[in-house]
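Undergrad: Below: one structure in structure tokens.
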Amino acid sequence: MLKIETLRAYVTVARSGNLSDAAEVLGRTPSALSMMLKQLEAHLGEPLFETDRKNRLTALGAFVLEQAEQEVQHFDTTVRAIEGYARAVYGRVRIATVPSVAGTIIPQVFSRYINDFGEVDIEVRDMDSNSIRHELSRNRIDIGIATKGEHDAGLHSELLLSDEFGVICAPDHPLARQAGPVSWAELAGHRLIANSLSAGIEAAAARDLHAQALLTAQNLTSIFGMLRANIGITLLPEMATSAAAAGELVFRPLADVTARREIHLLRKADSTLSPAARLLEERIKETVANLQVGSEAVLAAARLSDASRKMP
């Protein structure tokens with residue numbers, strides 16, 4: 001049975017025109033190459049060279065050279081692709097993340113590590129947490145960055161970061177004229193624009209506020225538009241505000257320090273990530289650690305990004 005090493009040896013000898021030069025290219029001895037060629041000719045039952053000098057091919061030799069070159073090239077390409085995929089040089093990664101992380105953390109990841117991914121095709125989508133978990137369950141994405149849900153069976157979860165909730169309002173809103181944390185009692189009498197994130201706050205006072213809310217919006221663009229129009233106030237994590245509000249709204253932290261959002265790295269529990277996806281997951285965690293998420297460092301980065309967008 002023909003082996004790729006035999007075909008490679010034949011191609012090198014045929015192109016070199018002699019055993020000595022071919023042996024130097026392949027790192028083999030001339031006698032070893034001569035033995036391989038004799039075995040090849042014996043297998044085919046016909047000579048490949050017109051003379052022992054190996055500088056003239058028979059008709060069969062020319063045909064074998066053409067076919068062998070194609071096979072060797074295909075084999076080398078396949079090996080490079082396999083090894084490149086294993087080293088995360090090639091491949092495809094689909095990641096979905098909540099908008100606040102898409103606008104703050106993900107740009108930092110690629111700014112630091114984009115050269116690590118060679119020719120990897122990376123697709124980034126931003127969507128809400130429920131949609132991210134749905135896409136993971138359908139194998140439509142490889143990595144999700146979202147809040148955990150009540151029914152996350154089948155998903156592997158790892159805490160990535162957390163940030164505090166606060167009150168967001170227009171600059172001319174009464175709450176914007178004060179400083180310091182805001183108590184739940186201070187929110188009484190103000191129109192609350194409820195949203196899916198704030199609905200997850202477990203404090204009893206927060207649940208009471210949401211039970212009385214008559215206005216609900218899920219899209220951040222809609223929420224911020226209503227806030228700028230001074231229709232009411234809302235409750236959002238500070239990272240979400242820093243990433244999307246572009247400094248046009250006022251954020252005041254809640255006095256209730258237990259009101260925090262936790263964001264997790266999610267993936268299917270019963271499947272193994274590709275090398276490229278695994279590398280991207282590690283780079284995301286490294287970036288979060290370097291930015292000291294949970295401290296002012298990440299939020300400062302978000303504010304700097306907002307400020308840069310406003311510069312002429």
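Undergrad: How many percent of the alpha carbon pairs in region 131-202 exceed a separation of 21 Å?
TA: Working: 1190 of 2556 pairs.
Of the Cα pairs, 47 percent sit more than 21 Å apart.
Undergrad: Cα centroids of region 4-31 and region 194-214: how far apart, whole angstrom?
TA: Answer, in whole Å: 76.
Undergrad: Starting from the Cα gyration tensor of region 61-207, take the square roots of the eigenvalues, sort them a ≥ b ≥ c, and report rounded, prolate or oblate (rounded when a/c is under 1.5, otherwise prolate if a/b is larger than b/c, else oblate).
TA: On the way: a/c = 4.76, a/b = 3.02, b/c = 1.57.
It is prolate, given that a/c is not under 1.5 and a/b is the larger ratio.
Undergrad: Can you tell me, using C-alpha contacts under 8 Å and at least 6 residues apart, the relative contact order of the chain as a whole percent? Walk me through the intermediate numbers first.
TA: Working: 483 pairs, mean separation 66.6, N = 312.
It rounds to 21 percent for the chain.
Undergrad: Right, another one. How compact is region 1-110 by the rule of thumb for globular proteins, expressed as Cα Rg over 2.2 N^0.38 Å? Present the calculation step by step, with values, prior to reporting the outcome.
TA: Details: Rg = 22.5 Å, N = 110, 2.2 N^0.38 = 13.1 Å.
This ratio for region 1-110 stands at 1.72.
Undergrad: Compute the acute angle (0 to 90°) between the alpha-carbon long axis of helix 59-86 and the principal axis of greatest extent of the alpha-carbon atoms of the chain; round to the nearest 10°.
TA: 20 degrees
Undergrad: Expressed as a rounded percentage, what relative contact order does region 2-85 have, with Cα pairs under 8 Å and six or more residues apart? Intermediate results must be reported in sequence, preceding the final value.
TA: Numbers: 74 pairs, mean separation 26.8, N = 84.
32 percent.
Undergrad: HN-Hα J couplings of region 207-220 from phi, Karplus 6.51/-1.76/1.60, θ = phi - 60°, integer Hz, Gly and Pro as x?
TA: For region 207-220, the Karplus curve yields 5, 5, 4, 5, 5, 8, 5, 9, 10, 10, 9, 10, 8, 4 Hz.
Undergrad: Also, I was wondering about something else. Mean residue ellipticity at 222 nm from the helices of the chain, using -39,500 (n - 2.57) per DSSP H segment of n ≥ 4 over the full residue count, to the nearest 500 deg cm²/dmol?
TA: Details: 11 runs with 144 residues, N = 312.
Calculated at 222 nm, the ellipticity per residue is -14500 deg cm²/dmol.
Undergrad: Right, another one. Kindly provide the Kirkwood hydrodynamic radius of region 20-61 in Å, to one decimal, from all pairs of distinct alpha carbon atoms.
TA: Numbers: mean 1/r = 0.0926 Å⁻¹.
Mean inverse Cα-Cα distance, inverted, gives 10.8 Å.
Undergrad: Shifting gears a bit: Would you mind telling me the antiparallel percentage of the DSSP bridges in the chain, rounded to 5? Could the numbers behind the result be given before it?
TA: Details: 21 of 35 bridges.
Antiparallel bridges make up about 60 percent of those DSSP assigns within the chain.
Undergrad: Over the chain, how many percent of alpha carbon pairs lie in each 20 Å bin up to the one with the longest distance?
TA: Histogramming the chain at 20 Å steps yields 26, 35, 18, 15, 6, 0 percent.
Undergrad: Between Leu48, Leu273, Leu160, which gets the highest mean-square fluctuation from a Gaussian network model of the chain, Cα cutoff 10 Å?
TA: Judging by the Gaussian network model, the answer is Leu48.
Undergrad: Next question. When only Cα pairs under 8 Å and 6 or more residues apart are kept, what is the percent relative contact order across region 81-177?
TA: Working: 100 pairs, mean separation 28.8, N = 97.
About 30 percent, as a whole number.
Undergrad: Who wins for biggest fluctuation among Ser111, Ser131, Ser162 in a Gaussian network model of the chain, springs between alpha carbons below 10 Å?
TA: Taking springs between Cα atoms under 10 Å, the residue moving most is Ser111.
Undergrad: A further question follows. Based on alpha-carbon atoms only, what is the radius of gyration of region 153-247 relative to the globular estimate 2.2 N^0.38 Å? Display every interim value, and only then the final one.
TA: Numbers: Rg = 13.9 Å, N = 95, 2.2 N^0.38 = 12.4 Å.
After normalising by residue count via 2.2 N^0.38 Å, the value is 1.12.
Only the coordinates and a few stated rules stand behind these numbers; no lab work does. What you see is a predicted model, and the numbers here were worked out from it, not measured in a lab.
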